[in-house]
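**Student:** My structure is below; once you've seen it, I'll send some questions.
Read-outs: derived from the displayed coordinates by stated rules, not from any lab. Small disclaimer: the values here were computed from a predicted structure and weren't measured. Using ideal geometry, Cβ is built from the backbone for each residue, glycine included, and neighbour counts are taken over all protein chains shown.
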Amino acid sequence: MVESIARVKHIRVTPTKARRVVNMIRGKQAMEALAILKFAPQGASEPVYKLVASAMANAKVKADASNSYLDEQDLFVSSAYVDEGTTLKRFQPRAQGRAFQILKRTSHITIVLATPDETADATGAAQPKKAGKK
């Protein structure tokens, strides 16, 4: 089983908007996730696309280092999450000498790709689990 991780920190996308994009690809096959992200209209889909592509490259390098075969079709998004990063605080001038605070939020995005476990039984437990709402 090959597992690869890719992270991006301090990306200038609000965590809420990034979570909308990450929720679309969680549990999907990596190639399918790239196709979804390529045509997603959200602004956060571009950095997440690059992150999934980076995780796929990391998996390939990891498999080459361990002298094992890796088919990119086998990779799936085993976990993907967005954490809140630092918040940049800016001020906008307003009337009568006042100032309004503007919070520019950042995100830490983590994508984990894995291959199905070959040691699982024949009942289909080796397939990736679909992420669903509880």
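**Student:** Just to be sure I understand: of the beta bridges DSSP finds with both ends in the chain, what percent are antiparallel, rounded to 5?
**Tutor:** Roughly 100 percent of the beta bridges in the chain run antiparallel, per DSSP.
**Student:** Given charges of +1 on the Cβ of Lys and Arg and -1 on the Cβ of Asp and Glu, with all other atoms neutral, how large is the dipole of segment 3-114 about its Cα centre, in debye to the nearest 20?
**Tutor:** 1040 debye
**Student:** Residue by residue, what Karplus-based ³J(HN,Hα) values in Hz, rounded to whole numbers, does segment 55-60 have, using 6.51, -1.76 and 1.60 with θ = phi - 60° and x for Gly and Pro?
**Tutor:** 5, 5, 5, 4, 5, 5
**Student:** Tell me which GluC sites (Glu not before Pro) from segment 1-100 have a DSSP coil assignment and no more than 12 other beta carbons within 10 Å of their own. Please list the in-between numbers first.
**Tutor:** Working: sites: E3, E32, E72, E84; in loops: none.
Here no loop site has a sparse enough neighbourhood.
**Student:** At most 11 other Cβ atoms within 10 Å plus a DSSP loop assignment makes a site exposed; report the longest stretch of the chain without any exposed chymotrypsin sites (Phe, Trp or Tyr not before Pro).
**Tutor:** 70-134
**Student:** Identify, among A114, Q92, A57, the residue whose Cα sits farthest towards the positive end of the charge dipole of segment 3-114, taking +1 on the Cβ of Lys and Arg and -1 on the Cβ of Asp and Glu, with the dipole about the Cα centre.
**Tutor:** The one lying farthest along the dipole's positive direction is Q92.
**Student:** Using helices alone, what [θ] at 222 nm do you get for the chain, with -39,500 (n - 2.57) per DSSP H run of 4 or more residues, divided over all residues and rounded to the nearest 500?
**Tutor:** The helix-only estimate for the chain comes to -10000 deg cm²/dmol at 222 nm.
**Student:** Further question on the same structure: Spelling out what I want: for every residue of segment 100-109, take phi, set θ = phi - 60°, compute 6.51 cos²θ - 1.76 cosθ + 1.60 (Karplus), and round to whole Hz; glycine and proline get x.
**Tutor:** 9, 7, 10, 9, 9, 7, 10, 10, 10, 10
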